[in-house]
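Participant: Mind looking over this structure? Questions follow.
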Amino acid sequence: MSTATQTPVTTSALEQFAAAVREMLNRATEQQGDAIQAAGALVFRTLELGGLVHAFGTGHSHLLAEEIYSRAGGLLPVNVIQSAPLMLHEDAVASGDWERLPGVAAVLLEHAAVDPARDTLIVISNSGRNAVPVEAAEWARARRVPIIAVMSLAHSRSQSSLAPSGKKLYELADVVLDNAGMPGDSLVEVRPGLRVAATSTIVGAFLLHSMVLSAVEKCFGGRHPSACSDLGQPRWRARGQRRVGRELSGTPGRRVRAPAETARRTDCQPVNARIGAGVMPVGVPGAAGASATGQFGFGKAQFWQVASGILDRVVETQSEAIHQAARIFADAIDRGGVVHAYGTGHSKAFAMELANRAGGLVPINRLDSVDLILACWPAEQVLRPDFELDPEVAPALLGCYQIESDDAFIIASNSGVNPSIVGVALRVKEQNHPLVAVTSLEHTRQVPSLDSSGKKLYEVADVVIDNCGPLGDALLELAGGGKACSISSLSGALIGQMLTAETIGILLERGHQPPVLISANVPGGREADEKLRKQYAGRIR
């Protein structure tokens with residue numbers, strides 16, 4: 001949106017925000033069509049050659065990098081480039097310092113073992129001006145690696161570059177997917193100088209899924225059927241998925257080379273066999289969704305047709321639950337409390353959408369299972385694939401934080417059945433804290449609880465917000481079986497921003513000044529945010 005409307009945050013304002021998001025997504029479908037097709041062509045080229053799609057983002061933008069990594073209904077050959085200091089895991093302010101450091105991008109990309117002949121790099125940065133994302137693009141451009149940028153052109157053009165070269169991300173990319181966000185990201189101006197409800201996650205997730213669909217559409221189009229042979233049967237093994245740069249650490253100003261997994265390039269299968277399931281849809285055929293072979297074909301238009309219906313359903317059916325949850329948040333903040341947000345797997349993205357977010361509330365503390373390593377849990381135990389099934393997580397995790405009697409909790413889990421989720425919910429209620437759940441009721445009601453209590457998340461919470469997603473999360477059925485393109489991140493981001501807006505509206509109605517963060521990439525933002533964070537020192541990460 002190019003302008004923001006100053007209005008009290010009421011139910012009608014929430015509907016206005018939802019309508020504005022729908023308009024932005026509609027415009028993305030109409031105006032970004034050529035860019036989406038061009039990005040899809042680059043991804044398809046990588047699939048055809050047996051390469052990897054590398055996704056990289058810093059700050060909140062790393063949520064979008066993870067959105068297409070190891071995702072239900074997503075592509076298999078995606079490598080997410082991660083580094084803890086750049087991901088808000090250690091300190092929100094320090095991560096902002098890290099993403100402005102020259103030289104960091106080269107360290108991470110060298111360890112990623114990018115193959116210029118086959119690979120594609122996606123760089124995600126809302127402002128597109130900080131040293132790390134810009135230098136990542138410069139590194140790739142120097143090696144002729146195709147670059148896809150996901151960003152806000154309006155924001156980037158309104159600010160000066162902080163990269164040594166003076167360049168911005170959009171000036172270096174081969175394809176730019178514009179999220180059409182405002183400078184500072186937040187959309188609704190509730191009073192002069194105070195904006196809330198960020199849009200970059202919602203629109204960015206839509207653009208990335210549309211890009212994936214465009215690549216898959218080319219597989220079905222028959223031009224190069226070998227590139228997507230045996231769709232749905234994962235035989236692609238040659239290079240594997242790698243998580244690189246995880247151990248980059250230290251203080252800003254010190255560049256520490258990160259140990260990374262060695263790329264496995266020893267499998268000498270033919271290209272077709274290496275790709276095998278270059279596209280690996282994950283899901284359950286027959287669940288709510290859409291046929292990929294219907295009259296509308298398979299691509300971004302069909303995804304938007306189905307996804308927009310789910311977003312409409314969230315707005316129409318969950319407004320009262322969001323209002324009740326916002327009252328819990330406002331009550332906690334009024335009493336000097338903090339709201340603790342928790343999710344595992346891809347549901348971590350929901351907690352990140354609330355915490356340390358431009359236009360978001362300051363007193364949101366994100367619980368992260370990685371903190372258990374600081375509590376002397378072995379790293380291999382915390383990082384193992386079946387961690388969500390560990391019943392010992394709940395008491396140990398809550399013991400990592402300063403939790404007070406006035407605090408509230410929100411837990412996100414699409415299935416809502418794993419012990420690491422249900423156990424935390426039960427523990428929270430035993431301690432008499434208000435609890436909000438965000439889950440897929442359609443999914444959770446069709447699967448058994450894996451917790452020893454037999455309970456599910458929605459059965460424990462005081463307020464349940466349904467993300468309205470289908471069983472398995474992915475939406476579009478593939479002709480060869482399985483599904484593509486998940487919805488929970490889109491609907492979750494919408495819920496998170498509506499909840500933020502409603503909480504702020506309630507605080508304003510009570511005559512209180514809500515503690516709201518400003519983007520660190522606008523003048524004065526970092527200084528103003530630091531003053532607000534000091535009020536909650538030791539209680540929020």
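Rule-based calculations on the coordinates, nothing more; no lab input. What you see is a predicted model; the values in this text were computed from it and never measured. Cβ sites come from the backbone with ideal geometry, for glycine too, and all protein chains shown count toward neighbours.
Participant: Using a Cα-Cα cut-off of under 16 Å, which aspartates and glutamates could be cross-linked to K429, ignoring same-chain neighbours fewer than 8 residues away?
Facilitator: Those aspartates and glutamates meeting the cut-off are E404, D406, D407, D451, E459, D462.
Participant: Next question. Taking amide hydrogens as modeled 1.01 Å from N in the peptide plane, which residues meet the under 5 Å criterion relative to V464, leaving out close sequence neighbours?
Facilitator: Amide H neighbours of V464, under 5 Å, 5+ apart: A437.
Participant: Compare the peptides 173-179, 419-425 by average per-residue count of other Cβ atoms within 10 angstrom and give them in order, highest first.
Facilitator: Per-residue Cβ counts within 10 Å, averaged per peptide and sorted highest first, yield 419-425, 173-179.
Participant: Take the alpha carbon atoms of the stretch 320-534, find their radius of gyration, then divide it by 2.2 N^0.38 Å using N residues; give the quotient.
Facilitator: The reported ratio for this selection is 1.03.
Participant: For a test of the definition: using alpha carbon positions, the gyration tensor, and the 1.5 limit on a/c, classify the stretch 473-527 as rounded, prolate or oblate.
Facilitator: It comes out oblate by the Cα gyration axes.
Participant: Among M182, M352, M211, what is the fewest-to-most ranking by other Cβ atoms within 10 Å?
Facilitator: M182, M352, M211
Participant: Using the number of other C-beta atoms within 10 angstrom as an exposure proxy, rank D331, D368 with the fewest first.
Facilitator: D331, D368
Participant: Oh, and also: Would you please give the FRET efficiency between S160 and L389, computed as 1/(1 + (r/R0)^6) with r the Cβ-Cβ distance and R0 = 60 Å, to the nearest 0.05?
Facilitator: Calculated value: 0.80.
Participant: At a 10 angstrom cut-off on C-beta neighbours, averaged per residue, how do the peptides 497-506, 14-23 rank from highest to lowest?
Facilitator: 497-506, 14-23
Participant: Separate question: Aspartates and glutamates near K167 by alpha-carbon distance under 16 Å, same-chain residues fewer than 8 away left out - which ones?
Facilitator: E99, E135, E138
Participant: Sorted from fewest to most neighbouring beta carbons within 10 Å, what does the list L471, L194 look like?
Facilitator: Least crowded to most crowded, the residues run L194, L471.
Participant: Can you give the FRET efficiency for N432 and E23, using 1/(1 + (r/R0)^6), R0 = 41 Å, r = Cβ-Cβ distance, to the nearest 0.05?
Facilitator: Here the calculated transfer efficiency is 0.45.
Participant: Please compute the contact order of the stretch 333-485 in relative form: average sequence separation of alpha-carbon pairs under 8 Å and at least six residues apart, divided by the residue count, as a percent.
Facilitator: Taking the mean separation of contacting Cα pairs over the length of the stretch 333-485, I get 20 percent.
Participant: Right, something else. What residues qualify as long-range amide H neighbours of A198, i.e. H under 5 Å apart, gap of 5 or more or another chain, H built at 1.01 Å from N?
Facilitator: Answer set, sorted by chain and number: L187.
Participant: Among the lysines, which have Cα under 24 Å from the Cα of K300 when same-chain residues fewer than 8 positions away are ignored?
Facilitator: K218, K483
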